[in-house]
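Novice: Handing you a structure now.
Just so you know, all these numbers are worked out from the coordinates, no wet-lab data involved. Note that this is a predicted model, so its numbers are computed, not measured. FYI the Cβ positions are ideal-geometry reconstructions off the backbone, even for glycines, and counts take in every protein chain you see.
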Amino acid sequence: MIPQQHVTRGGTFESRTAIVTGGSTGIGLATARSLADRGAHVVIAGRDRDRGATAAAELAAGASGTVTYVELDVREAESVAGLVETTVERFGSLDIVVNNSGVEAEEGSDGPSEADWDRMFATNAKGTWLCSRAALPHLERSRGVIVNNASMAGLLGVAGGAGYAASKAAVVSLTKSLALAYADRGVRVNAVCAGPVDTQMTYDEWALVGGRDEGLRRALALSPARRITAPEEVAELICFLASDHAASITGAAVPIDGGKTAGLMPTERYRW
């Protein structure tokens, strides 16, 4: 008989413990809310203590699970180890890690500055690796899950965004490598690859091209589905990948981008 793991609890997360890095805003906040609403013990982790504590208190007020905040700098191994240790001491186990922390930087035609390149790789790529490395011994015991926020930029080249795209491509490759290394130990590792999402990070990017209205116009023009994604949609995908319903999904980098990574979309009908 084929052994079955994680096939009985469906989309609920009662008694499970989850860490969501960068969990106080945007996709991270929406994910923390979705997990807590399904009964998980959720630890929001990030550098902004006031914002993180406020988010945790607001989510905990209406959730069926618990929500707490732990200060974290994903770029520092000691800080990451402290987060994992605190979480396991408080809740007894660790079942889900959502590596959501990420940064962008303004890039010219020649790419980012060296300092910005280092900052993006330190947070986006190294931070994902450090959190995964610290969590994996506990996830082996719980047969747990990692979901990484890799971005559509991790699947495509991005003109004017080489550093960010490269850092997210590293996350995609790390996702696949860890999935292969830990598949026989019962740990699943997947990534979500979102296109433009309705978050402050996207608005900050649009400010560089003339503001929110112009950014939205451009984003819609480049989207086959003529829409941008709500953070709650990405959160639902993350929750699915973390759930028992996705028990056979590992090593995947799942686009959620309105069709942008499906292929080229001409701006006018080809004439033959």
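Novice: So how far apart, in nm, are the two label points at Arg218 and Leu180 if each is 7 Å from Cα heading toward Cβ?
Specialist: Here the modelled spin labels are 3.6 nm apart.
Novice: Next question, about the same structure. So, counting K/R as plus one and D/E as minus one, what does the shell of residues with Cβ under 12 Å around Ala230 add up to?
Specialist: -3
Novice: So what is the relative contact order for the chain, in percent, with contacts set as C-alpha pairs under 8 Å and at least six apart?
Specialist: The normalised contact order for the chain reaches 19 percent.
Novice: Give, as a single signed number, the net charge of other residues whose beta carbon lies under 12 Å from the beta carbon of Gly186, with Lys and Arg counted +1 and Asp and Glu -1.
Specialist: +1
Novice: Hey, which aspartates and glutamates would be in cross-link range of Lys176, C-alpha to C-alpha under 18 Å, not counting anything within fewer than 8 residues on its own chain?
Specialist: Glu140, Asp184
Novice: Are there any helices in the chain, counted as whole DSSP H runs, that stretch 20 Å or more along their axis by Cα and score at least -1.0 on average by Kyte-Doolittle, and if so which?
Specialist: Going by DSSP H runs, the hits are 49-62, 77-91, 127-142, 162-182.
Novice: Moving on to the next point. Provide the percentage of antiparallel DSSP beta bridges, counting only those with both residues in the chain; round to the nearest 5.
Specialist: Here the antiparallel bridges make up roughly 5 percent for the chain.
Novice: Here's something else I'd like to know. Please compute the alpha carbon radius of gyration of the chain, then divide it by the globular-protein estimate 2.2 N^0.38 Å. Two decimals is fine.
Specialist: 1.00
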